[in-house]
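Each remark here refers to the structure printed beneath this line.
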Amino acid sequence: MNKQEMVMDVQEAPRMQKWIVLSLQHLFAMFGSTILVPFLTGLSPAVALISSGVGTLAYLLITKGKIPAYLGSSFAFIAPIIGASSAGGPAGAMIGTFLAGVVYGIVAVFIKLLGLNWLMRILPPIVVGPVIIVIGLGLASTAIDMSMYVPGLDEDVYSGTHFSVALFTLAVTIAASIFFRGFFGLIPILIGIVSGYTFAIFQGVVDTAEIKAEWADITSAGSIGELFTGVFQSPDFIIPFASYSPFEVISGEIVLLMVPVALVTIAEHIGDQMVLSKVVGRNFIKKPGLHRSIFGDGAATMIASFLGGPPNTTYGENIGVLSITRVFSVFVIGGAAVFAIFFGFVGIITATISSIPSAVMGGVSILLFGIIASNGLRMLIDNQVDLSDKRNLVITSVILVIGVGGAFIQLSDNLQIAGMALSAIIGVLLNLVLPGKESGYGNGAMFDDSEIKKNKNRDDAA
């Protein structure tokens, strides 16, 4: 990339009117995915918006305002959050989220001190790719259940109406992904949710009572103070030592559910940083440094745990916006973060999000969870991992069957290593003990920044 192709550099601030429009673009790009994760895990979508905004601002601060990345809810943690919530309630999910952030911080320190080679030995493509496939396929039944059954009942009751809403939502999301171009091509999830929601209204499966109540509070306001309290509300924050005692909730089961996933998402984070570096034309792996970006990601995740939100991660949707607009300003990203925080406190927006039928989210999830699994397959292909090699075939096969099959090891009455966490641990162990480790690296591209080095590094030139 050369300077003529850039509309706005990383640390340039746009004029106010343009700033607002550009920031709203990024908000819309992340909105659908960020609210979907808490919707599926039973957390508050409003808190997820706020924690993503605060986390993004913290990330920009930690990376010295040199990496234009937005952080939103991580899909990889959906199943672990559900498991941690079963073990310790929402507080258990927050403890697990905090521990995931701590893992990011520890890895950042090791990368700063030792470089990347040690991480490559633990998490080569032959391990990370299949585990990502497990993350996606392991959630498949969740998407189908949300799509086909009447929500809120003690037993599964099939509903053709709900399934039609899910299929309509899925069809629109697919069409938006394939046929839309420009900015609209970057928000197929949001388009699918809005379209599915509209269709669901005509099918009579949307409960708008809470929205009407919020609107009534706003329209009946007799003073500025009443109008303010009618519009803005405090979301359901889950705050340690106020909402719960962390030391009473933490358990070995929660640790085993969340920590292994953090290692996998760190590998994904590195991939995102490489893509972002190529888009912007700067080597973010070197400056401000991968250790800073990973630590920023971890800090954002820990902040989310203090508020009641899901773990955060850098968003490919927003990298896509950067690629199309060529506006790389961190001020624009920061503006989107401020908007996300603002929207999280607006009661009528929260009520509208809460009224989205599970069938709509189920329809979107069918595509999204499949994409997660496909990304794991893509990692194997991009890194040219040879599955005709018996070693690679064994590792892949064992990870997939243990993870998707839901195997678990019961360590005690209240402690087990289950599903995806177990598959990741076994995958790492197999890779370490089986001979011929080099074949598991493929072409070595996952942690190789040689392509980035070929880009013009304006920092060094300056």
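Close contacts from the range 92-107, counting a first residue that is open to solvent by 20 Å² or more (accessible area, probe 1.4 Å) and a second that is polar (S, T, N, Q), with Cβ to Cβ under 7 Å and a gap of 6+ residues or different chains, come to 98/305. Condition first: touching a Gly at 6+ places or on another chain (Cβ under 7 Å), open to solvent by 40 Å² or more (accessible area, probe 1.4 Å) and under 25 Å from residue 69 (Cα atoms). Can you find one or more residues in the range 344-360 that meet it? No, the range 344-360 contains no residue that is touching a Gly at 6+ places or on another chain (Cβ under 7 Å), open to solvent by 40 Å² or more (accessible area, probe 1.4 Å) and under 25 Å from residue 69 (Cα atoms). Taking the residues in the range 163-179 that are within 23 Å of the chain's Cα centre (by Cα) and open to solvent by 60 Å² or more (accessible area, probe 1.4 Å) as candidates, determine which candidate is farthest from residue 32 (Cα to Cα). If we take residues in the range 163-179 being within 23 Å of the chain's Cα centre (by Cα) and open to solvent by 60 Å² or more (accessible area, probe 1.4 Å), then 178 is farthest from residue 32 (Cα to Cα). Among the residues of the range 303-314, are any part of a helix (DSSP H, G or I), closer than 23 Å to residue 228 by Cβ, open to solvent by 10 Å² or more (accessible area, probe 1.4 Å) and at pLDDT 90 or above? Yes, that holds for at least one residue. Restricting the first member to the range 236-260 and to residues that are aromatic (Phe, Trp, Tyr), and the second to residues that are open to solvent by 30 Å² or more (accessible area, probe 1.4 Å), the beta-carbon pairs closer than 6 Å and six or more apart or on different chains are 237/307. Of all positions in the range 124-135, none carries a residue that is open to solvent by less than 10 Å² (accessible area, probe 1.4 Å) and more than 30 Å from residue 263 (Cβ to Cβ).
Per-residue answers, yes or no, for (1) out of contact with any helix residue (DSSP H, G or I) (no Cβ under 9 Å at 6 or more places or on another chain); (2) of a type in the set (S, T, N, Q):
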| site | (1), (2) |
| --- | --- |
| 54 | no, no |
| 73 | no, yes |
| 110 | no, no |
| 115 | yes, no |
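Figure legend. Inter-residue proximity from the range 375-400: first residues touching a residue at least 24 places away in the same chain (Cβ under 8 Å) and among the small types (Gly, Ala, Ser), second residues open to solvent by less than 50 Å² (accessible area, probe 1.4 Å) and in a helix (DSSP H, G or I), beta-carbon distance below 6 Å, spacing 6+ or different chains. Indicated pairs: 376/129; 376/132; 376/133.
How many residues are surrounded by fewer than 23 Cβ atoms within 10 Å (Cβ to Cβ), among the polar types (S, T, N, Q) and in a helix (DSSP H, G or I) if we restrict to the range 53-80? Residues that pass the stated criteria total 0. Give me the pairs: first residue in the range 186-197 and of a type outside the set (A, V, I, L, M), second residue modelled with pLDDT under 85, beta-carbon distance under 8 Å, and six or more apart or on different chains, which are they? Taking only residues 6 or more apart or on different chains, the pairs are 192/32. The listed residues are 83, 152, 105, 101, and the only one of them that is assigned to a loop (DSSP other than H, G, I, E, B) and not hydroxyl-bearing (Ser, Thr, Tyr) turns out to be 152. Listed conditions (1) open to solvent by 30 Å² or more (accessible area, probe 1.4 Å); (2) farther than 27 Å from residue 412 by Cβ; (3) hydrophobic (A, V, I, L, M, F, W, C); (4) assigned to a helix (DSSP H, G or I) are all met by residue 256, apart from (2). Cβ separations smaller than 7 Å between residues 6+ apart or across chains give the following pairs from the range 1-23 residues that are within 19 Å of residue 288 (Cα to Cα) and open to solvent by 60 Å² or more (accessible area, probe 1.4 Å) to residues that are in a loop (DSSP other than H, G, I, E, B) and modelled with pLDDT of 85 or more: 11/65; 12/329. Among the residues of the range 259-284, those identified as open to solvent by less than 10 Å² (accessible area, probe 1.4 Å), touching a Pro at 6+ places or on another chain (Cβ under 9 Å) and within 29 Å of residue 83 (Cα to Cα) are 261, 262, 265, 267.
For the range 228-253, taking the residues that are modelled with pLDDT under 90, β-branched (Val, Ile, Thr) and open to solvent by less than 70 Å² (accessible area, probe 1.4 Å), the one that is nearest to residue 44 (Cα to Cα) is identified as 231.
Could you please let me know if residue 113 is free of Cβ contacts under 8 Å to residues at least 12 places away in the same chain, open to solvent by 10 Å² or more (accessible area, probe 1.4 Å) and not aromatic (Phe, Trp, Tyr)? So residue 113 passes the test. Within the range 180-202, the residues that satisfy the criterion of being open to solvent by 60 Å² or more (accessible area, probe 1.4 Å) and part of a helix (DSSP H, G or I) are 184, 194, 198, 201, 202. Looking across 24, 40, one residue alone is farther than 25 Å from residue 255 by Cα, part of a helix (DSSP H, G or I) and either among the aliphatic types (A, V, I, L, M) or under 15 Å from the mean Cα position of the chain (by Cα) (or both). It is 24.
Of all residues in the range 284-296, those satisfying the criterion of being closer than 19 Å to residue 328 by Cα and either modelled with pLDDT under 85 or in a helix (DSSP H, G or I) (or both) are 285, 286, 287, 288, 289, 290, 292, 293, 296.
Can you pull out the residues in the range 143-158 that are buried (at least 17 other Cβ atoms within 10 Å of the Cβ) and in contact (Cβ under 8 Å) with a residue 60 or more places away in the chain? Hits for the range 143-158 are 143, 146, 147, 148.
Residues that are open to solvent by 70 Å² or more (accessible area, probe 1.4 Å), in contact with a helix residue (DSSP H, G or I) (Cβ under 7 Å, 6 or more places away or on another chain) and not in a helix (DSSP H, G or I) within the range 203-227 comprise just one, 203.
Every condition in (1) touching a Pro at 6+ places or on another chain (Cβ under 9 Å); (2) closer than 25 Å to residue 374 by Cα is met by residue 98 except one, and the failing one is (2).
The values are calculated or read from the model by the stated rules, or taken from the named source; none is laboratory data. Please read all numbers here as calculations on a predicted model, not as lab measurements. Backbone-built Cβ (ideal geometry, glycine too); neighbour counts: all protein chains shown. These area figures cover heavy atoms from the full protein model, side chains too; ligands, DNA and RNA do not enter into them. Shrake-Rupley method; radii C 1.70, N 1.55, O 1.52, S 1.80 Å.
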